[in-house]
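Presented below is the structure to which this report refers.
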Amino acid sequence: FAEFGSVPTKLKKEAGKTLDDLKKEAENKIQALKERLETNTAREDFFDYSLPGLTPNVGHLHPITQSLNRVISIFREIGFGIEFGPEVETDYYNFSALNFADNHPARDMQDTFFIDDNILLRTHTSPIQIRTMLKQKPPIRILAPGRVYRNEAINPRSHCVFHQVEGLYVDENVTFSELKTTLEVFAKRFFGNDVKIRFRPSFFPFTEPSAEVDVSCFICGGKGCRLCKHTGWLEILGCGMVHPNVLKNVGIDPEKYTGYAFGMGIDRTALLKYGINDIRLY
Ligand code: DAH
C-alpha cells in the first residue's frame with residue numbers, strides 16, 4: 001500500500017485490484033480466526049497454551065538441617081570455626097580421652113552401639129573436641145555439628161540416631177562467665193530476645209564444674225504449659241569448664257590454659273521450634 005504511489009500509471013488499475021483482493025482475503029481470515037477463538041475458549045476442553053506453567057514444588061531443607069544451619073551461623077558470627085569428626089569412633093576419642101573412667105556406665109552396651117571392643121558409633125560429638133585439640137594449638141574456638149548414636153528404644157520423644165552441636169573454646173584466661181554470656185547471646189538469637197537462661201549444677205566427666213542449661217519456655221513464655229511440663233523451662237544443653245585431665249590428655253598445659261565446652265541436642269529443640277509432635281517423623 002505504501003508503495004502504490006510509485007506504480008506506473010498504466011499498471012495502477014491492476015495493482016489496485018490485486019491489493020484490494022489481498023486486503024479482503026486477509027480481513028476475512030482474521031475475522032474467521034476471531035470467531036473460532038471465541039467459540040473455542042467457551043468450550044470446556046479448551047486449553048490456552050499461552051498460560052504460564054505450574055511452579056514445580058522444589059521442597060525445602062529438613063527441619064534439622066535448618067536448625068543446624070541457624071546454630072552454626074550464630075556461632076560463626078561470634079568467631080567460632082566449624083569442625084567435623086567421624087561417626088565411627090574408637091573408645092579412646094569417645095570415652096577415655098574425655099576422662100570417662102573405665103567402668104563408667106555410659107560405656108555400657110545398653111547405651112553404646114559397639115562394633116567391637118574398641119570401635120563404636122560415637123555417642124556424642126565431644127570426641128571432636130579431642131581431635132581438634134590434638135591438631136590445633138590454643139586459641140581454639142570451634143563448633144562441631146554431627147550425627148550421634150545411642151542404643152535406646154525409639155519412641156515419639158527419642159531416637160537411636162540424633163544430632164548434636166559441640167562447642168569448645170580454649171585459650172589463656174577463659175572463664176565460666178564468658179561461657180554464660182556466650183550461651184545467653186546464643187539463646188536470645190536462636191529462641192528470641194525475650195528468653196531467659198538458667199544454669200543448674202550437673203556432672204560430666206570431661207568438665208569441672210559442669211552445668212545444664214535451661215531456656216525459659218519459648219512456647220508459653222515461662223508461664224508453664226504442656227511442652228515444658230508446667231515448669232516454664234526447657235533443657236537445651238550441657239556445658240562446663242574443660243576438665244584439666246582432658247587438657248592433659250591432648251598435651252595442653254592446664255596451668256596455662258583453660259577452656260569451656262558445651263553440647264547441645266538439635267532434634268528435640270527443632271521439634272519444639274517447628275511444632276512437630278513425633279521425632280520419628282524426621
Ligand atoms: N556430650 C554430652 C552429652 O552427650 C553433652 C555435653 C555436656 C557436651 C557438657 C559438652 C559439655 O561439651 O561440656 O550428653
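FYI, it's all coordinate maths here, none of it is from the lab. This structure is a prediction, so every number in the text was calculated from the model and none was measured. Positions of Cβ are backbone-derived with ideal geometry, glycine not excepted, and every protein chain shown enters the neighbour counts.
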Cα-based Rg and Dmax for the stretch 188-282, in Å, come out at 16.3, 48
Which residue fluctuates most in the GNM of the chain (Cα springs below 10 Å): Ala144, Ala106, Ala187? Ala106
How many angstrom lie between the Cα centre of the stretch 57-84 and the Cα centre of the stretch 15-46? 61 Å
Can you list the residues, at least 5 places off or on another chain, whose amide H is less than 5 Å from the amide H of Leu237, using H built in the peptide plane? Val213
In the stretch 203-282, the GluC sites (Glu not before Pro) that fall in loop regions by DSSP, at most 10 other Cβ within 10 Å: Glu255
Along the stretch 212-226, what does the Karplus equation 6.51 cos²θ - 1.76 cosθ + 1.60 (θ = phi - 60°) give for ³J(HN,Hα), rounded to whole Hz, x for Gly and Pro? 10, 10, 10, 10, 4, 4, 7, 8, 9, x, x, 6, x, 8, 4
Among Pro127, Pro138, Pro156, which one moves the most in a GNM of the chain with springs linking Cα atoms closer than 10 Å? Pro156
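Based on the mean of other beta carbon atoms within 10 Å per residue, what is the order of 265-275, 22-32, 172-182, most packed first?
Order by mean packing, descending: 265-275, 172-182, 22-32.
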Can you give the relative contact order of the chain as a percent, counting alpha carbon pairs under 8 Å and 6+ residues apart? 16 percent
Output wanted: per-residue J couplings in Hz (rounded whole) for the stretch 227-237, from phi through Karplus 6.51 cos²θ - 1.76 cosθ + 1.60, θ = phi - 60°, x for Gly and Pro. 5, 8, 6, 6, 9, x, 10, 10, 6, 10, 6
How many percent of DSSP beta bridges within the chain run antiparallel, rounded to 5? 95 percent
What nm value, rounded to one decimal, do you get for the distance between Arg43 and Lys180 when each label is placed 7 Å out toward the C-beta? 7.9 nm
I'd like to verify something in the chain: which complete DSSP H helices, judged by Cα projection on the helix axis, reach 20 Å or more and average at least -1.0 on the Kyte-Doolittle scale? 63-77, 176-191
Karplus-derived 3J(HN,Hα) from phi for the stretch 84-98 (6.51 cos²θ - 1.76 cosθ + 1.60, θ = phi - 60°), whole Hz, x at Gly and Pro, runs 10, x, x, 7, 9, 10, 9, 3, 4, 5, 6, 10, 4, 5, 8
Exactly which chymotrypsin sites (Phe, Trp or Tyr not before Pro) in the stretch 21-130 are in a DSSP loop and have at most 16 other Cβ atoms within 10 Å? Phe46, Phe47, Tyr49, Phe84, Phe113
What lysines does Lys24 reach when the alpha-carbon gap must be under 19 Å and sequence neighbours fewer than 8 apart in one chain are set aside? Lys12, Lys13, Lys34
Computed over the Cα atoms of the chain, the Rg and Dmax in Å are 34.4, 118
Among Val174, Cys160, Ala144, pick out the residue whose Cα is farthest towards the positive end of the charge dipole of the stretch 137-217, where Lys and Arg carry +1 and Asp and Glu carry -1 on C-beta, about the Cα centre. Cys160
For the chain, set up a GNM with springs between Cα atoms under 10 Å and report which of Asp45, Asp171, Asp117 has the largest fluctuation. Asp45
Separation of the Leu22 and Ile72 label points, Cα + 7 Å toward Cβ, nm: 6.8 nm
